[in-house]
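Only one structure is covered here, and it is reproduced in the block below.
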Amino acid sequence: MIKALKELAAGAADLICPPDLYCICCGKIIDGSRTYRLCNECMDSVKWAGERVCSKCGKRLSDIDPGTVCFSCREHPHIFDRGYTCAEYGTHERAIVFSLKYGGRSDIASVIGGIMADRMLALYSADELVCMYDIVLPVPLHHRRKLARGYNQAALIAESFSRIAGIECDDGILRRVKETHMMRSLTPDQRRDNIRGAFEVRKHRAGELRGKSILIIDDIYTTGATIDEIASVLRTAGADRVEFISFASGADVVKSA
Ligand SMILES: [Zn+2]
Ligand SMILES: [Zn+2]
């Protein structure tokens, strides 16, 4: 009921001001031909991931980081195999993600799905990409939070990505069984404790994961605690390889010892 009302309200708002006429980041009026529905300034301001990225988690490497693996991945070994990201999380990236998650702008999910597909297609051919993964799984939202928001933004992004990439997407295999606290202010160790036991593979679906190569989809990657927890659950169910792609990842913060 709440979802139906929200959709109705969003639909009415779209008739008055169609969302594709406004930049998804700053809200400025744009013409319909703009790439990713971003105005020129926002397109130039988003810190797109280029070629110097962490070979483990895919985040942009800091200019002062001489290695090929980011500081965070050097400090915390991961359970997932590897990751990709489209941009570095900053003010512009946050504005886009907050509109999608907290502003009722579910239409932004398809733009992000397209950005993710382009990121992968910049690195691999379409033929290579379709063979890399058996299935795409969005990070699940707890059912109470999904009810309040009206949708799981990661599931909408995953649907859009999988349509372009030609890889099956399944929102029914993973389940979030624990409501977790907001992770923003927690340290990496606190995040790991907070997220432990939060995910489950639905029992009747577990057999489908044996030997599979999986791509997890999320909006933001910070310390990797969420992706690692999911990777561990998927591995227990027999998954062979677990990778992820996020829209934006936290900066490579290099700390001296
Ligand atoms: Zn803009
Ligand atoms: Zn990394």
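Checked against the criterion of being open to solvent by 20 Å² or more (accessible area, probe 1.4 Å), part of a loop (DSSP other than H, G, I, E, B), of a type in the set (Lys, Arg) and not assigned by TED's automatic domain parsing to the domain that holds Pro140, the candidates Lys255, Lys178 yield just one match: Lys255.
Being away from ligand 2 (no atom under 11 Å from the Cβ) and at pLDDT 95 or above, is that true of even one residue in region 8-23? Yes, the conditions are met somewhere in region 8-23.
Conditions (1) touching a helix residue (DSSP H, G or I) at 6+ places or on another chain (Cβ under 9 Å); (2) farther than 28 Å from Gly114 by Cβ, marked per residue:
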site: Lys59; (1), (2): yes, no
site: Pro66; (1), (2): no, yes
site: Cys70; (1), (2): no, no
site: His76; (1), (2): yes, yes
site: Ile79; (1), (2): yes, yes
site: Arg82; (1), (2): no, no
site: Ala87; (1), (2): yes, no
site: Thr91; (1), (2): yes, no
site: Val97; (1), (2): yes, no
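Quick check on Cys26: is it on the phi < 0 side of the Ramachandran plot, part of a helix (DSSP H, G or I) and at pLDDT 95 or above? So Cys26 does not fit the description; no. Taking the conditions (1) open to solvent by less than 60 Å² (accessible area, probe 1.4 Å); (2) closer than 18 Å to Asp240 by Cα in turn, Lys212 satisfies each one other than (1). Is it true that His92 is away from ligand 2 (no atom under 16 Å from the Cβ) and in contact with a strand residue (DSSP E or B) (Cβ under 7 Å, 6 or more places away or on another chain)? Considered against the rule, which asks whether it is away from ligand 2 (no atom under 16 Å from the Cβ) and in contact with a strand residue (DSSP E or B) (Cβ under 7 Å, 6 or more places away or on another chain), His92 comes out as no. Listed conditions (1) more than 16 Å from ligand 1 (Cβ to nearest atom); (2) surrounded by fewer than 20 Cβ atoms within 10 Å (Cβ to Cβ); (3) polar (S, T, N, Q) are all met by Ser33, apart from (1). If you check Leu156 against the conditions, is it crowded, with 21+ Cβ neighbours inside 10 Å and part of a helix (DSSP H, G or I)? For Leu156, the condition - crowded, with 21+ Cβ neighbours inside 10 Å and part of a helix (DSSP H, G or I) - is met.
When you check Asp228 against the structure, is it assigned to a strand (DSSP E or B), among the charged types (D, E, K, R) and open to solvent by less than 30 Å² (accessible area, probe 1.4 Å), yes or no? Answer is no for this residue.
Among the residues making up region 57-87, those that are open to solvent by 30 Å² or more (accessible area, probe 1.4 Å) and either touching a strand residue (DSSP E or B) at 6+ places or on another chain (Cβ under 6 Å) or in a strand (DSSP E or B) (or both) are Arg60, Asp81, Arg82.
The values are calculated or read from the model by the stated rules, or taken from the named source; none is laboratory data. This structure is a prediction, so every number in the text was calculated from the model and none was measured. When we count neighbours, we look across all protein chains shown, and the Cβ atoms used for this are built from the backbone with ideal geometry, even at glycine. SASA here: full protein model, heavy atoms, side chains in, ligands and nucleic acids out. Shrake-Rupley method; radii C 1.70, N 1.55, O 1.52, S 1.80 Å.
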